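The values are calculated or read from the model by the stated rules, or taken from the named source; none is laboratory data. Not measured: the values here are computed from a predicted model. Quick reminder, even Gly has a Cβ in these numbers, built from the backbone with ideal geometry, and neighbours come from all protein chains shown. Just the protein is used for accessible areas: all its heavy atoms, side chains included, with ligands, DNA and RNA removed. Shrake-Rupley method; radii C 1.70, N 1.55, O 1.52, S 1.80 Å.
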Amino acid sequence: MSQKIDKSKLLFDNKYLVTLIIPLLIETLLNVTIGMMDTIMVSSNGEAVVSGVSLVDSLANLFVFVFSAFATGGAVVCSQYLGRKDKENAASSAKQLIYLSTTFAIVIMVFLLIFRESVVKFVFGSIEEDVHNAAIMYLLPIAVSFPFLAVTNSCNAICRSMGKSSITMMVALVMNLINVSGNAIMIYGMGLSSLGAGIASLLSRIVASIIMIKVITGKKQIIRITGLIKIRFRADMLKRIMRIALPSGIENGIFHIGKILVASTIASFGTASIAANAVFNSLGTFANIPGTAIGMASVTVIGQCCGAREIEQAKYYAKKLLALTYVLMGVTCVFMYITTPPLAAMYNLSDEANWMAIEYTRLDLIQTMLFWPLAFTIPNFLRAAGDVKYTMIVSICSMWLFRVLGANILGINLGMGLLGVFWAMFIDWYVRGGFFIYRWKKGVWTEKRVI
């Protein structure tokens with residue numbers, strides 16, 4: 001049972017939370033917009049190109065979310081050191097995070113550049129030739145962008161652990177401007193189709209990585225990184241980061257392998273279903289913006305509370321952040337439900353694909369408003385406290401038993417098609433949400449130690 005806390009001794013006041021969360025909301029909106037604009041702007045080249053870009057995005061997200069797992073691991077360690085007022089070790093862990101994530105990204109980049117044809121064929125099977133060609137062209141610059149994205153994600157996580165979310169917001173704005181203007185030039189002006197969309201994303205990520213490196217090496221930062229070029233790995237610090245990052249990376253990696261298999265199942269339903277799902281991935285993601293932003297904020301807030309061993313404050317802020325997630329996601333879901341038809345029309349889809357995109361996106365919005373925070377916000381609280389193995393096991397088991405297997409049973413065996421895939425996803429949410437609520441209330445996370 002939670003004890004009463006002295007609110008005069010809270011680590012974070014409401015003003016701090018507002019200045020942390022609002023920039024994260026804007027940043028998340030801008031990040032979502034980048035992917036949405038790629039899809040919208042290549043839609044002028046037809047459904048096949050939209051489908052190719054969508055399939056590659058589903059593959060690329062596998063690696064992007066592994067980078068995010070490293071970033072989360074580093075952010076948790078940095079936040080807990082800051083909670084303990086240990087700036088030296090916070091800076092050291094930040095530097096090791098950059099080395100770790102960039103090394104992994106380079107390995108992935110080289111692999112995809114060499115084997116991209118084989119990877120696309122292996123993952124997505126016998127897709128239509130024009131969809132395959134669009135996917136291959138888009139994958140080339142996206143793979144090259146991974147090391148720059150890994151650097152940016154790592155630096156962003158370090159800034160958030162310091163509460164400097166306004167910096168990451170401004171960088172996201174710069175990335176958006178470069179991406180949209182680059183798309184306009186390369187898709188409309190130069191006729192490069194999916195390749196142009198990929199090059200624009202690559203350029204935006206290069207610029208962002210340069211800016212963020214300059215930021216975290218600046219003299220005015222709480223966590224200031226020096227001697228970054230003199231690469232030196234610290235086994236003890238890497239171990240702390242990997243204690244969080246490895247389970248999170250395995251969880252995110254296997255979770256998105258499952259999503260790729262689901263995307264492969266959807267690909268078997270035809271181009272209309274692939275295109276409708278691409279629109280859903282773009283539009284439906286907007287509803288998740290508050291939950292995603294508050295999830296990032298919780299790493300800083302809950303992490304610092306746990307680092308300072310203020311467990312009751314961690315519980316207090318968790319309730320506050322979860323309630324805020326429900327309020328804000330309710331607003332975004334209602335807004336998106338109303339505006340789905342005109343937004344879907346922007347993608348120039350066939351009548352069949354447009355109908356599916358509208359109906360299934362609206363169904364998702366209802367489910368999101370009710371169940372998404374339980375399934376995806378609460379586990380962020382657990383990770384920030386260091387309770388990562390439990391979230392990994394629950395997420396992997398639920399994903400594969402209910403979403404992947406369920407998509408095949410409902411979508412293929414029972415003939416429900418794309419609708420069956422959606423219901424399999426909702427069942428996955430129900431199950432994982434129940435397990436995470438139980439874990440948080442049981443309080444096992446209070447016994448975990450990261451530093």
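Numerical summary
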quantity	calculated
Percent accessible area from carbon and sulfur atoms, the chain, protein chains only, probe 1.4 Å	66 percent
Cα-projected label distance for Tyr188 with Lys442, points at 7 Å along beta-carbon direction, nm	5.5 nm
Peptides 214-224, 157-167, 329-339 ordered by average Cβ neighbours within 10 Å, highest first	157-167, 329-339, 214-224
Region 345-373 versus region 56-122: alpha-carbon centroid distance in Å	31 Å
Debye equation applied to the C-alpha atoms of the chain, log10 I(q)/I(0) at 0.12 Å⁻¹	-1.01
Accessible area in square angstrom per residue, region 167-309, 1.4 angstrom probe	39 Å²
Kirkwood hydrodynamic radius over Cα pairs of region 319-451, then Stokes diffusion coefficient at 4 °C and 1.567 mPa s, in µm²/s	79 µm²/s
Three-way shape call for region 60-104 based on the alpha-carbon gyration tensor, with the a/c threshold at 1.5	oblate
Ile427 versus Lys121: modelled label distance in nm, points set 7 Å from Cα along the beta carbon direction	3.4 nm
Extension gain (nm, one decimal) between Ile393 and Arg224, 0.36 nm per residue minus Cα-Cα	57.3 nm
Reach of Lys214 by Cα under 22 Å, taken over lysines that are not fewer than 8 positions away in the same chain	Lys87, Lys95, Lys164, Lys230
Ser44/Glu312 FRET efficiency (R0 60 Å; Cβ-Cβ; nearest 0.05)	0.60
Karplus (6.51, -1.76, 1.60) ³J(HN,Hα), θ = phi - 60°, over region 441-451, in Hz, Gly and Pro reported as x	5, 5, x, 4, 4, 5, 8, 7, 10, 9, 10
5 angstrom amide H check on Ile5, placed H, neighbours 5+ away	none
Length added when fully stretched, Asp351-Leu401, from 0.36 nm per residue minus Cα-Cα	14.7 nm
P(r) weight above 15 Å for region 114-174, C-alpha pairs, percent	62 percent
Gained length - Thr103 relative to Val331, 0.36 nm times residue gap less alpha-carbon distance	78.1 nm
Region 154-200: equivalent-ellipsoid semi-axes (sqrt of 5 x gyration tensor eigenvalues, Cα, Å)	30, 10, 4
Using θ = phi - 60° and Karplus 6.51 cos²θ - 1.76 cosθ + 1.60, couplings along region 171-186 (whole Hz; Gly, Pro as x)	5, 4, 5, 4, 4, 5, 4, 5, 5, 5, 5, x, 4, 4, 5, 7
The chain, helix-only ellipticity at 222 nm - DSSP H runs n ≥ 4, -39,500 (n - 2.57), divided by all residues, nearest 500	-27500 deg cm²/dmol
Label-to-label distance, nm, for residues given as Arg84 and Lys320 (7 Å Cα→Cβ offset)	2.4 nm
Radius, Kirkwood style, for region 130-265 when every pair of distinct Cα atoms is counted (Å)	17.2 Å
Out-of-range pairs (alpha-carbon distance over 21 Å; input Lys319/Lys442; Lys239/Lys319; Lys9/Lys320)	Lys239/Lys319
Chymotrypsin sites (Phe, Trp or Tyr not before Pro) restricted to region 396-444 and DSSP loop, no more than 16 other C-beta within 10 Å	none
Percent RCO, i.e. relative contact order, over the chain, from Cα pairs under 8 Å lying at least 6 residues apart	23 percent
Accessible area expressed per residue, region 16-133, with surrounding protein chains retained (probe 1.4 Å, Å²)	37 Å²
